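Shown next, in structure tokens, is the structure this report addresses.
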Amino acid sequence: MKHIVSQGEDCAQFFSDYITADRKVLCIATLGFNDICLHFPLALAGFAEVDFLFLVEDRPEVSEILRAAAARNRDVLMAALAQRKVAFETIEIVASDDTANVAGRRAAQACRKSLGETYTDVFVDASSMSRGVCFPVVKYVFEQSKKAGQPSAHVLTAGRNRSTIKAQSTSSDSPQFVHGFQGVMDTSKMDKAIKLWIPQLSENAATSLSRIQGKLAPDETCPILPFPSWDPRRGDKLLKEFQGPFLDDWNVTLLDVIYAHESNPMDVCATIMRIHRSRTDALSASCKVPSVTVLSPSGSRIGSVGMLLAAMEQDLPIMYEESIGYYSALFSVPDLSQNPPEHLWHIWLRP
């Protein structure tokens, strides 16, 4: 897989040069409570050749203030896209009858229906899309792009140093593999595999990641610490937060920590691929049992996109815990941000 990358202001220039009258583009995005979900759809609203599909993630436990923020964002989108072809698809995150995680499968089905039309390109906006929805959608679109006559696959992601809305997620407390990123992990082939676990460290994620560690039982753990970061002390704070798991259960020392740029998905991707390839080469020459690298995204969407790219490139499994709800202490919906996101990425995925 090859990547053609645009960053920052170059994203707008790419859209202007690339989206011409002979192209037909579908933008798949999420309608969320954070106004970061508005950036790329509004940036693409000026192109008549772009249709829009918004995936509305339906969770059982969401604060009313966050629902109100999402409704405000929908009104903004509808006003900007009044004359455009726009569709909304509700994606049930957990099944209502048995609380099973159905997010990835439902999202892929919704995209399959939309791709029945003739498009030259599909842009997947990962800015506020949950990993359980985003990862299967991006993989499905990319796998389709390998076929003759199918649209090219693109990933978009935007990020801010400070979120406009502070919300805390409620985890499902049930670690599982992302739909489409399981491979042969639950087969007898992996019973004796030497497992390397690479989790993405983020605030308030120690409990969730510890549950994943307990279920996966890796032989080695190399956590990713966001560095460089816009907050120079963020790495120190995270090391302090994870001191207990590092020493008690994970058996991690500072020599095991991986440093990857907080706001550069390509740096995260390249770092994981380098470690996975070196480890695979070393173990294949000396061990008769298979080795596997398992990823666990958490926190920053931009860093998670880097994990996604590495997983697709090297066919790596991804284990995570889905968020079944969000709550916030806010009493009113914040005004829309007047400043563009500090971090913008467009990645064209070429087979």
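The values are calculated or read from the model by the stated rules, or taken from the named source; none is laboratory data. Everything numeric in this text was worked out from a predicted model, so none of it was measured. Every residue, glycine as well, gets a Cβ built from its backbone with ideal geometry; the counts of neighbours run over all protein chains shown. Calculation scope for accessible area: heavy atoms of the full protein, side chains included, ligands and nucleic acids excluded. Shrake-Rupley method; radii C 1.70, N 1.55, O 1.52, S 1.80 Å.
Assuming R0 = 51 Å, what is the FRET efficiency of Ala100 and Met1, from their Cβ-Cβ distance, to the nearest 0.05? Before the final figure, lay out the partial values.
Working: r = 31 Å, r/R0 = 0.60.
Calculated value: 0.95.
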Environment charge of Ser163, counting only residues whose C-beta is closer than 11 Å and scoring Lys/Arg +1, Asp/Glu -1: +3
Separation of alpha-carbon centers, region 229-299 and region 151-169, rounded to whole Å: 22
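When the chain is fully extended, how far beyond the present Cα-Cα distance does Arg350 get from Val56, taking 0.36 nm per residue of separation? Can you show the working numbers first?
On the way: separation 294, 0.36 × 294 = 105.84 nm, distance 2.78 nm.
So the chain would gain 103.1 nm between Arg350 and Val56.
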Per residue, in Å², the accessible surface of the chain once ligands and nucleic acids are set aside, probe 1.4 Å: 46
Net charge of Cβ neighbours under 9 Å - reference Lys237; Lys, Arg +1; Asp, Glu -1: -1
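Taking region 22-111, which trypsin sites (Lys or Arg not before Pro) meet the DSSP loop condition and have no more than 12 other C-beta atoms within 10 Å?
Working: sites: Arg23, Lys24, Arg67, Arg72, Arg74, Arg84, Lys85, Arg105, Arg106; in loops: Arg23, Lys24, Arg84, Lys85.
Those that pass, being in a loop and sparsely packed, are Lys85.
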Label zone at Ala71 (point 7 Å along Cα-to-Cβ), backbone N below 15 Å, region 33-50: 33
Rh (Kirkwood; distinct C-alpha pairs) - region 139-209, Å: 16.7
Segment Tyr18-Val289, extension gain: residue separation times 0.36 nm, minus the distance between their alpha carbons: 92.8 nm
Accessible surface of the chain [probe 1.4 Å, protein heavy atoms]: carbon and sulfur percent: 49
DSSP-loop GluC sites (Glu not before Pro) across region 266-351, with at most 14 other Cβ within 10 angstrom: Glu342
Cα extents of region 284-351 along the three principal axes, largest first (Å): 59, 30, 18
Spin-label model distance (nm) - Ala48 vs Glu241, 7 Å beyond Cα toward Cβ: 4.8
Pairs beyond 25 Å (Cα-Cα), from Lys113/Lys215; Lys139/Lys195; Lys147/Lys195; Lys139/Lys166: Lys113/Lys215; Lys147/Lys195; Lys139/Lys166
Length gained when the stretch Glu64-Glu220 is fully extended (0.36 nm per residue, less Cα-Cα span): 52.0 nm
